[in-house]
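Q: One structure follows; several queries about it will come next.
The values are calculated or read from the model by the stated rules, or taken from the named source; none is laboratory data. Every value quoted in this text rests on a predicted model; they were computed, and no experiment measured them. Please note: Cβ atoms are built from the backbone with ideal geometry, for glycine as well, and neighbour counts cover all protein chains shown. Heads up: the accessible areas ignore ligands, DNA and RNA and are worked out on the full protein's heavy atoms, side chains in. Shrake-Rupley method; radii C 1.70, N 1.55, O 1.52, S 1.80 Å.
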Amino acid sequence: MNYLVTDVMREYRPETEKLLFSLPLAGSAFRKVYWDPTMCRPCAMFVPSEDLVVSYGATSLETCERVTHVMKQNGNDVRKLQVNGFYRDVELGESSDDINKVQEKYNELTGEDPSYEKDKRHTLLEIHADLDLKGFEDKDKGEDTGIALPYVVTIDQDSKKILSIRRNWFEDDPKRLRRQHFVHYEYIPGLGFYGFGLIHMIGGIAKSATSILRQLVDAGTLSNLPGGLK
């Protein structure tokens, strides 16, 4: 295990440091463990909470109905996976550089500006969900049970084309339980699926401090004003 995470999975340590730095701020952080067909080795990548979309009413990754991982990949990496047979060989077209509200807020806090040069990264939605696909129904004694089975569906967000649909359970598993690729780290357990971080706890205090500061400034201004009412 030490050789694997130090020499083979060279991204393990820097990705873990990113995870531990982001966890207290955001309240939730995720690690994705998967087999990379391009590098032919296991990988463990840090996934920020804004890139993993889960219903807020869900209780855990094991019981939620659907998990969506928003991935940003350049055209060359997508093409490698298409030639490798991992994705369908379809034309995706030009990628868009739409910046969502979360990214806009991050740019505002860090003082960064988006680049005017397109990096041609595609937004892929990797959806881990339970589906009842036609032609691949769950059967019991030759009859359809209507039970949805776990699959991983990857869709290109811009072109709306499906790149792959893959089975997400072990072939020899009679129960067909979902394979878990994500690990959820919580700083403080929240009321919903996501945890609470320092930003959530300090938000109310910051608003109160701003209100008190404004009151002090107004009081000082009125006290020093060379005039008054009688």
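Q: Can E17 be described as outside any helix (DSSP H, G or I) and open to solvent by 20 Å² or more (accessible area, probe 1.4 Å)?
A: The answer is no for E17.
Q: Do we find a residue being open to solvent by 50 Å² or more (accessible area, probe 1.4 Å), at pLDDT 90 or above and in contact with a helix residue (DSSP H, G or I) (Cβ under 9 Å, 6 or more places away or on another chain) anywhere in the range 148-160?
A: No, the range 148-160 contains no residue that is open to solvent by 50 Å² or more (accessible area, probe 1.4 Å), at pLDDT 90 or above and in contact with a helix residue (DSSP H, G or I) (Cβ under 9 Å, 6 or more places away or on another chain).
Q: Looking at (1) without any contact (Cβ under 8 Å) to a residue 24 or more places away in the chain; (2) over 16 Å from I127 (Cα atoms); (3) part of a loop (DSSP other than H, G, I, E, B), can you tell me which one Q215 breaks?
A: Among (1) without any contact (Cβ under 8 Å) to a residue 24 or more places away in the chain; (2) over 16 Å from I127 (Cα atoms); (3) part of a loop (DSSP other than H, G, I, E, B), the lone unmet condition for Q215 is (3).
Q: Any residue in the range 4-27 that's among the β-branched types (V, I, T): show its pairings with residues that are modelled with pLDDT of 90 or more and assigned to a helix (DSSP H, G or I) at Cβ separation under 6 Å, as long as the two are six or more apart or on different chains.
A: From residues that are among the β-branched types (V, I, T), the pairs are V5/Y12.
Q: Can you tell me which residue in the range 65-96 is most open to solvent (accessible area, probe 1.4 Å), limited to those that are assigned to a strand (DSSP E or B) and in contact with a His (Cβ under 6 Å, 6 or more places away or on another chain)?
A: Across the range 65-96, the extreme among qualifying residues is Q73.
Q: Looking at F193, F170, which one is out of contact with any strand residue (DSSP E or B) (no Cβ under 6 Å at 6 or more places or on another chain) and part of a loop (DSSP other than H, G, I, E, B)?
A: F170
Q: Let me ask you something else. Which of the following residues is over 17 Å from H122 (Cβ atoms), of a type in the set (V, I, T) and either open to solvent by 30 Å² or more (accessible area, probe 1.4 Å) or within 17 Å of the chain's Cα centre (by Cα) (or both): T6, T38?
A: The match here is T6.
Q: Can you name every residue in the range 163-219 that is more than 17 Å from the chain's Cα centre (by Cα) and of a type in the set (S, T, N, Q)?
A: Hits for the range 163-219 are S164, N168, S208, T210, S211, Q215.
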